[in-house]
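Novice: Dropping a structure here in structure tokens format, bear with me for questions.
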Amino acid sequence: MKDFSPNINLTGQLGSLDWPVFFIILGITYISVFYGLSKKNTDQKDATALDHLIMGRKLTLPMFVATLVATWYGGIFGVTKIAFNQGIYNFITQGIFWYVAYLLFAFFMVDKIAPYKAVTLPNLIEKMFGKKSGILGAFFNFFNVLPISYAISIGLFIGLLTGYSFELSMAIGLVLVASYSSFGGLRSVVFSDLIQFFVMCSGVALVLILSISNFGGIDFLKSNLPETHFSITGTNSIATTFIWGMIALSTLVDPNFYQRCFAAKSPKVAKKGILISTLIWATFDICTTFGAMYARAVIPEAEAKTAYLTYAIQLLPEGLRGFFLAAILATILSTLDSYLFLSGATVSYDLAPKRLRNKKYLPILGTLGSAVFAYILAIYFKGDIKTVWKTLGSYSAACLLLPVLLGHILKTRISDAQFITTCLTGVVSTTWWRNTTHEGFFSNVDEIYIGSLTTMLIYLFFIFKQQTGKSYD
């Protein structure tokens, strides 16, 4: 049987067929971007904010599924690192928890948000609670979609491919993606996602199929992996595991989900699209989780964050290696361009003065500025994708999720000022708990629980005061 090395020269592993395959797929992706641009000019010569942000609400079911699925996996080095270290814990925390959130969105949120005819999530919050709430929601929105972890992923990928430093590799990737994300609007992102969707799904499926063919099935994994790799909590506590469940619920205030639903031709398209996407996500997660577990079983000495790639490149034959590399790049690009576009749109549409919203240069400046900010924060987080997810996901879930969710559930709705008070109190309590030392039982209580409890209590307090006829604005 072939010997696998924990450390490889990536370019040295590629044969004469791999490079043409890789660049052909990359070229097709960029052609799809320009095709999206041409459709924009054909369909609507006057590029309005509605067309730029949500394709004039013309997103069909196949395109909805392709762009929604493709948008979710840019942190592939993060999920495969978790699976390499923890096994099926990854499928629970990065899979099942999220599927529950997706289904909640499909069956509960889609019909509730449709009547607002909103363009962005902050625009929806403004219509629900007031103008100031919309602005605060835009700040949450910006940090929620700022593509820090995906900037890290593209930096790791280009660094492995070229040998350049992480910082330089990340800068190159961000410049390339920002160059088309800022000009084409959602339409260009969606058309590129169509190509990336097929490539990324095929690539991870190939790795799992060949792994089973070469090494055998579950018996091989059980005999070569720690028992904890088959535990739903891995080496973590139940409380730590369920933190990811809370973070997954932040999907209910995820701007990309809202944007795709706002862009769909109808609520029926959005609902059906989410259900189909969930099935595809589950299949994809099975492939990446078990693929990374095979990597751990075969080359346990490999560096966790790149082990999946290192393993797959040695597993696949010539030609397919180039295809798989393109699949990894497609996985990263499909998320990076969506998040970079949406963070730029948040600046140019939700935070900019209304008189400037249709200025063509503003989305470009917003996207470029977001790319620079993502770069700086990626350096600050030292390239740790899991920490980025945990930090930003905690604030989104603890401070914004419950106020928006309760706004849909309860008949009585709090005021503009009360919404701001509720969210900012959540920010303060989350930050305070995160930066103080706790002992005994409280040492195991995560800041996400404290922030969520605070926002819920403050929100319900305001509801109670309204129902008793008193105003505390």
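The values are calculated or read from the model by the stated rules, or taken from the named source; none is laboratory data. These numbers come from a predicted model, not from an experiment. Positions of Cβ are backbone-derived with ideal geometry, glycine not excepted, and every protein chain shown enters the neighbour counts.
Novice: Only one residue in 194, 221, 174, 208 is assigned to a helix (DSSP H, G or I) and buried (at least 24 other Cβ atoms within 10 Å of the Cβ). Which one?
Specialist: Numbers: 194 fails: buried (at least 24 other Cβ atoms within 10 Å of the Cβ); 221 fails: buried (at least 24 other Cβ atoms within 10 Å of the Cβ); 208 fails: buried (at least 24 other Cβ atoms within 10 Å of the Cβ).
Of 194, 221, 174, 208, the one residue that is assigned to a helix (DSSP H, G or I) and buried (at least 24 other Cβ atoms within 10 Å of the Cβ) is 174.
Novice: Quick one: which of 379, 332 is crowded, with 22+ Cβ neighbours inside 10 Å and either outside any loop (DSSP other than H, G, I, E, B) or of a type outside the set (Val, Ile, Thr) (or both)?
Specialist: Values: 379 fails: crowded, with 22+ Cβ neighbours inside 10 Å.
None of the other options fit; the residue is 332.
Novice: Now a separate question. Please enumerate the residues belonging to the stretch 271-286 that are in contact with a Phe, Trp or Tyr (Cβ under 8 Å, 6 or more places away or on another chain), farther than 10 Å from residue 106 by Cβ and either outside any helix (DSSP H, G or I) or not hydrophobic (A, V, I, L, M, F, W, C) (or both).
Specialist: Listed by number, the list holds a single entry, 285.
Novice: If we keep just the residues of the stretch 232-247 that are more than 15 Å from residue 452 (Cα to Cα) and either surrounded by 16 or more Cβ atoms within 10 Å (Cβ to Cβ) or in the same structural domain as residue 445 (by TED's automatic domain parsing) (or both), which is nearest to the chain's Cα centre (by Cα)?
Specialist: Filtering first and then ranking leaves 241.
Table: residues versus (1) touching a residue at least 60 places away in the same chain (Cβ under 8 Å); (2) in contact with a Phe, Trp or Tyr (Cβ under 7 Å, 6 or more places away or on another chain); (3) outside the structural domain of residue 427 (by TED's automatic domain parsing); (4) surrounded by fewer than 22 Cβ atoms within 10 Å (Cβ to Cβ).
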site: 70; (1), (2), (3), (4): yes, yes, yes, no
site: 116; (1), (2), (3), (4): no, no, yes, yes
site: 127; (1), (2), (3), (4): no, yes, yes, yes
site: 134; (1), (2), (3), (4): yes, no, yes, no
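Novice: Only residues in the stretch 329-351 that are without any contact (Cβ under 8 Å) to a residue 24 or more places away in the chain count as the first member; pair them with residues that are surrounded by fewer than 24 Cβ atoms within 10 Å (Cβ to Cβ) and charged (D, E, K, R), Cβ under 9 angstrom, at least 6 apart or cross-chain, and list the lot.
Specialist: 348/357; 348/359
Novice: Find the residue count for the stretch 435-456, including only residues that are more than 22 Å from residue 137 (Cα to Cα), in contact (Cβ under 8 Å) with a residue 24 or more places away in the chain and not acidic (Asp, Glu).
Specialist: The number of residues fulfilling the criteria is 2.
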